[in-house]
């Protein structure tokens, strides 16, 4: 009779354990800072702007192309700013594109 009691107690626990196992899609993403190495390669001299600009391209199917476009736009805006005698052109360009 003791064996039957143990089985009766164990089976619901096993069933509960099987249903509470998280699916792969339920697993939380790893926390911590994002890997910005690809962004930094594409950014060149604007690598320090990656934390601000990288989110514009995260999830893009053409991530590297997106980064290239972002930093090309920053470069173009900065260049025009300088040509017109602007001040703080680098930061202005980064804020305009990645705001």
Given the conditions (1) touching a residue at least 12 places away in the same chain (Cβ under 8 Å); (2) surrounded by 12 or more Cβ atoms within 10 Å (Cβ to Cβ); (3) not in a helix (DSSP H, G or I), and given that residue 86 satisfies all but one, which numbered condition is not satisfied? (1)
Would you check which residues across the stretch 37-55 are surrounded by fewer than 16 Cβ atoms within 10 Å (Cβ to Cβ), in contact with a helix residue (DSSP H, G or I) (Cβ under 7 Å, 6 or more places away or on another chain) and closer than 14 Å to residue 97 by Cβ and list them? 52
For the stretch 60-71, indicate whether the set of residues that are exposed (fewer than 14 other Cβ atoms within 10 Å of the Cβ), touching a helix residue (DSSP H, G or I) at 6+ places or on another chain (Cβ under 8 Å) and not in a helix (DSSP H, G or I) is non-empty. yes
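Computed from the coordinates by the stated procedures, all read-outs in this text should not be read as laboratory data. Bear in mind that the values here come from a model prediction, so they are computed numbers and not experimental data. Heads up, the Cβs are rebuilt from the backbone with ideal geometry, glycines too, and the neighbour counts pull from every protein chain shown.
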